[in-house]
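Taking it in order: structure first as structure tokens, then the write-up.
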Amino acid sequence: MKIGWELVGISGESNFLQLFFDANSGTLLAHCYKSIGGGYGIKSLWGRSAADEKYRKLTPDDPSLSFEDPALSPVSPHIYTNVIRVEERNGDYDGYAWDSVRRIDLSTGADELVMGPDAIADDPEEVKAWVSTVHGVSGDGREVYCSVAHQRRGGRAASPTEYYLSRYILGENRLEPITRLLATFL
């Protein structure tokens, strides 16, 4: 049975992934997936108030951005998401690359960059770093918990990728490792 997502305002999506409810804004959130070809796909977020009948798209209409790992703030009407960019080469899709962590205000729809590549790499010439997963938000809403990957560049690039459970302190724009995640592939 084919589901007519257009009936509830969700257009262009091929798969429903998850439903969330944000009590701070009274918003129902649908996390959806769309195949873009060649084995690649992107994810988006759609929202509606509990009283509305139709969803509206909350994530930007950029066909190369995928909004992964949605995590609600427990104290404010915000959702945090890990943004992955689909890479293209010679007109074909050629992999994924980390773009950012963003915060979407569910009351206004404002999309704000929280953490980009400059925030996580101490020495970008020596180490490639990216957020592999957003896990959640602290109870007071001041920290975003995530897994961060570090991989050496250049002559030492053969080293394994190291993953760290980390916290990003929002008011201070500071990333702190909590612990190394051994034997983890994220």
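A short reminder: the numbers here are calculations on the coordinates, not readings from a lab. Please read these numbers as outputs of a predicted model, since none were measured by experiment. Here Cβ is always computed from backbone atoms with ideal geometry, including for glycine, and neighbour counts include all displayed protein chains.
Quick check on the exposure proxy: order 93, 163, 80 from fewest to most C-beta atoms within 10 angstrom.
Taking fewest neighbouring Cβ atoms as first place, the list is 93, 163, 80.
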ask   = Lys/Arg Cβ at +1, Asp/Glu Cβ at -1, dipole of the stretch 5-181 taken about the Cα centre: which of 135, 181, 114 is farthest positive-ward?
value = 181
ask   = What ranking do 103-115, 7-19 get when scored by the average of other Cβ atoms within 10 Å per residue, highest first?
value = 103-115, 7-19
task = Quick one: compute the contact order of the chain, relative version, from alpha carbon pairs under 8 angstrom and 6+ residues apart, as a percent.
result = 12
key: Charge dipole magnitude, Cβ of K and R +1, D and E -1 - the chain, Cα centre, debye nearest 20   = 360
ask   = Computed from these coordinates, which is Rg/Rh (Cα atoms, Kirkwood Rh): (1) 0.99; (2) 1.75; (3) 1.94?
value = (1)
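Assigning unit charges at the beta carbon (Lys, Arg +1; Asp, Glu -1) and nothing else, what dipole magnitude in debye, to the nearest 20, does the stretch 8-81 show about its Cα centre?
Taking the Cα centre of the stretch 8-81 as origin, the dipole is about 120 debye.
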message = How large are Rg and Dmax for the stretch 39-127 when calculated on the C-alpha trace, in angstrom?
response = 15.1, 51
